Amino acid sequence: MVRRHKYIIYFVFALTALAIGVSAVSRLFIKADLPFDYGSSRHESFVESDFADFSKGDQIIAVDGIPVESAYEIELIIDNKLPGDIIPVSLADQSSGTKTLQATLVNYYDDNLFIIVTAITGFAFWILGVFVIGSKPNDRAAVLLFLTLVTFSVAILSTSGYYGRGNDWIGYVDRISHVLSYLWGSIFFLSFMMNFPYKAHEKARLPTYMMYIVFSAISIFSSYACYVTLRDLNTPWHEVNEIIWKICEMVLFASLITGTLILIIKYLKITDAETKRKIEWIFWGMALGVGPFIIFWLVPNIFELKYIIREEFILTFLLVVPVSFAIAVVKYHVLDIEVIIKRSLVYFALVGILIFIYFEVIYISSNYFEKHLGYESKVFYILAAILIALLLNPLRLKIKSFVDKVFYREKYAFDKAIQKVTSATKECHTYEEIGKTLLEEINLLIPVKSLAIVSKTLTGDRIRILSQNNFDLLQKNIGAFRVKNLLSRVDLPFSLSQKVEPGILFNNKLEAILKRWQIALIIPLSFDSSETVGAIVMGDKLSGMRYSQSDLQLLNTIASSAALAIKRMELQEKLFMEEIELEKANELSELKSYFVASVSHDLKTPLSAIKIFSELLQNENITKEKSREYLSIIEGETERLKRMIDNVLNFSKIEKGLKQFNFSKLNLNEATNVVMERMNYELNMQKFKIDKSISSEPIYINGDPDAITSILENLISNSIKYSEKNKYLRVSTKRLNGNAEVIIEDAGRGISESNLRNIFDPFYREVSAEKSSVKGAGLGLAIVKNIVDAHSGNIEVQSEIGHGSKFHIIFPEYKNGNNNTDN
Ligand code: ADP
């Protein structure tokens, strides 16, 4: 009930103020003036420009038969007349004594610029006042700001215009309101400054109440003085009235200065950066808007000085006040106004201003046309009415969307943003795309200093960054973060109390991390409190404001569609991985069966040779020579057989991770010689030209003798296998910069450059090898590489198709205590 009463009071107050303002402004159009300039000083008024037979400096003694002493009095008398009226003006000049002239009054404002500026400025104050109260009717500071702004709007709009005599109550009310609005505007302003952004000290209460009482008394008295003066111009009360007016100006001056000082003192005392920023806007509004008003208008008025700049420009400066207040209110939620709900007021206000400007333009242009071209003005009004009817609605809609976009971007964008984010994330095919899309969208909606989109890694327990902006600190430390840290109740972000607006629930579990990594907010991307697929990590907002409820609503909604998108990606990836795994398994089983076939084929050749030659050996008539030859064949084939079986066994051990090496001090030269001897049979059979260059001094390495033998055998046997025409083999060993080097070089078919990368892969065989009659399982080089690695060595190949291949192997030389590997 009480609340409703309050609303009604505010409503009536605002409407009354508006009515007074409109009526006063309309009276400015018919404000009259003497046809010459005049001014006053110390109880005397003077003519200030030559006119007819008046000359500059003549003293004005009476206007319309009423004796006058000041310019203020003259204006009061003339405001009672209309332009075009003819009134007697009496002058005293030094030479000819008193003379009287019939002066035809002219328009006070010869162009309407001043009236327009007055109207715009005054209505801007009024609109802002209404907006403030509509937004926060129960806030003390908001109520005081409303009263201040609306009262000042009356002060601006009710600038003295025409008033009639006798029954022109409205004219009287306008005039009295002008005086009262100066007084009450000042006191409301001071009270507002005391209550914003926090309440002044309790001690200030009593002086405030006293001030209200004194001002009420002054108001009653000055209203009476004003009324009596207007009713009967020729009365001593006019002097009282003039004094009161001076007092009003001084009160305003004093209150503006004091209020600004209070604000500055509060500003200096406040340590909270956010509140400071709120005050800054108000302060700049005061400094830029009220400063010039004081300097160029109030001070010259009070001290009876000449104006330095034209009135309308001074008023324009005042416009800065409501504009900067509006920015402070909307941008920084000064007074914690719930802008989103109350935005209709802003549309309303803007539409109001628009209609007003519209009327003004039509009024001025019709006046202009009438004056200069002699057109009938009614035509314009009819045209204007049609135009308004046609344009108003589309214009209103334009304004609505403009206001939504500019002032309520968050709300405006909410529905659209959700749609956009959902459809954009659906289009994404990779995690990175999801990250980039989310980053862009969120940054558009809530501009932030830093932002990152993270998701859990494929292994599932860690976090990786999908995309980030200015979050290098997070990028560096992300490895330390676990997915399980992000588990939280759905819709409950991780944050710090100073980063979100009061009253917002949040999880403070990650406080230390958030502070350390300069994170303001983490919104987990989750479906329930047990599963999280990632998070939106936000730094401070660019505006420096805390995160609001609407920010969080927006982010939560985005988070749920982001969570879905990432989950979808995860499932896709899993499916894809399974497919690859399946493919791999198939390939492997194919390879294995191929391997079995090829190995058994390879095994067959030496076996059948052994069988044939042992049978031949059983023949009793065989010569000794022959039998030696056969035996060496059998031995050679057995070697080959052993090598093949070794390879298969070695590989299966390597594959299972069971391969072990027995390192010992090994002379590489000796090992090479032994292998060469073992391979001698095969090399001779193939009629190889052998070039052996073994270092004369021993070269020691820390090696496993069997493994090193296996390397050399595999490489030499490859040279034998892959040299069909040019059968040449060069084997050399040497020391090289503290390393031991073995080179196996042939002049065989060579390996194409594109295949060089793959030849060390298990089961890899070149297509040409595959097609030729040369058999193999593709295991030899894989085993070689494995052994070289285990010996901390390095293997490199140089090869050219048709010209042969050169394998370099380098091992670290043996040093005392050199224990290169232990596996
Ligand atoms: P395999 O000899 O059983 O096919 P490897 O692993 O020993 O398997 O060799 C892999 C492939 O590398 C061979 O199939 C062959 O194409 C190529 N290759 C290896 N050594 C030589 C060489 N000395 N000259 C030409 N090609 C070679």
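The values are calculated or read from the model by the stated rules, or taken from the named source; none is laboratory data. Quantities reported herein were computed from a predicted structural model and do not represent experimental measurements. Counting neighbours? That spans all protein chains shown, and the Cβs are built from the backbone with ideal geometry, glycine included.
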Residue in the stretch 791-809 that is nearest to Ser664 (Cα to Cα), counting only those that are surrounded by 20 or more Cβ atoms within 10 Å (Cβ to Cβ) and more than 10 Å from the ligand (Cβ to nearest atom): His791
With criteria (1) in contact with a Leu (Cβ under 8 Å, 6 or more places away or on another chain); (2) at pLDDT 80 or above; (3) surrounded by fewer than 22 Cβ atoms within 10 Å (Cβ to Cβ), Phe125 comes up short on (3)
Starting from the stretch 1-22, keep only residues that are over 29 Å from Thr118 (Cβ atoms), then list their pairs with residues that are among the β-branched types (Val, Ile, Thr) and at pLDDT 85 or above whose Cβ atoms are within a distance under 6 Å, requiring at least 6 positions of separation or different chains. none
Here the residues within the stretch 48-68 that are at pLDDT below 85 and touching a strand residue (DSSP E or B) at 6+ places or on another chain (Cβ under 9 Å) are Glu48, Ser49, Phe51, Ala52, Asp53, Phe54, Ser55, Lys56, Gly57, Asp58
Among the residues of the stretch 217-232, the number that are over 14 Å from Lys246 (Cβ atoms) and either assigned to a loop (DSSP other than H, G, I, E, B) or small (Gly, Ala, Ser) (or both) is 4
Filter pass, Ile610 being modelled with pLDDT of 85 or more, in contact with a Gly (Cβ under 6 Å, 6 or more places away or on another chain), among the β-branched types (Val, Ile, Thr) and part of a helix (DSSP H, G or I): no
Among all residue pairs at least 6 apart or on different chains, which show Cβ distances below 8 Å where the first residue, located in the stretch 696-724, is away from the ligand (no atom under 16 Å from the Cβ) and the second is acidic (Asp, Glu) and part of a strand (DSSP E or B)? Ile699/Glu813; Tyr700/Glu813; Ile701/Glu813
So which of Asn669, Asn684, Asn673 ends up being on the phi < 0 side of the Ramachandran plot, part of a helix (DSSP H, G or I), touching a residue at least 40 places away in the same chain (Cβ under 8 Å) and away from the ligand (no atom under 16 Å from the Cβ)? Asn669
Just checking, which of Phe123, Phe131 is more than 24 Å from Leu105 (Cβ to Cβ) and in contact with a Phe, Trp or Tyr (Cβ under 7 Å, 6 or more places away or on another chain)? Phe123
Could you count how many residues in the stretch 430-448 are surrounded by fewer than 14 Cβ atoms within 10 Å (Cβ to Cβ) and either under 15 Å from Ser561 (Cα atoms) or in contact (Cβ under 8 Å) with a residue 60 or more places away in the chain (or both)? 2
When Ser710 is run through (1) modelled with pLDDT of 90 or more; (2) out of contact with any Phe, Trp or Tyr (no Cβ under 8 Å at 6 or more places or on another chain), the failure sits at (1)
Out of Val251, Val179, Val214, which single residue is free of Cβ contacts under 8 Å to residues at least 40 places away in the same chain and in a helix (DSSP H, G or I)? Val214
Identify the residue in the stretch 741-784 that is under 55 Å from the mean Cα position of the chain (by Cα) and over 22 Å from Glu724 (Cβ atoms) and, among all such residues, is nearest to the ligand (Cβ to nearest atom). Ala782
Is one or more of the residues making up the stretch 535-546 over 20 Å from Asn443 (Cβ atoms) and modelled with pLDDT under 90? no
Scanning the stretch 780-816 residue by residue, those assigned to a loop (DSSP other than H, G, I, E, B) and of a type in the set (A, V, I, L, M) turn out to be Ile801
Got at least one residue in the stretch 649-658 being in contact (Cβ under 8 Å) with a residue 40 or more places away in the chain, surrounded by fewer than 14 Cβ atoms within 10 Å (Cβ to Cβ), farther than 23 Å from Lys727 by Cβ and of a type in the set (Lys, Arg)? no
List every residue pair whose Cβ atoms lie under 7 Å apart, where the two residues are 6 or more positions apart in sequence or sit on different chains, the first residue falls within the stretch 787-815 and is under 20 Å from Asn662 (Cα atoms), and the second residue, located anywhere, is among the hydroxyl-bearing types (Ser, Thr, Tyr) and more than 16 Å from the ligand (Cβ to nearest atom). Ala790/Thr821; His791/Thr821; Ser792/Thr821; Pro812/Ser792; Glu813/Tyr700; Tyr814/Tyr700
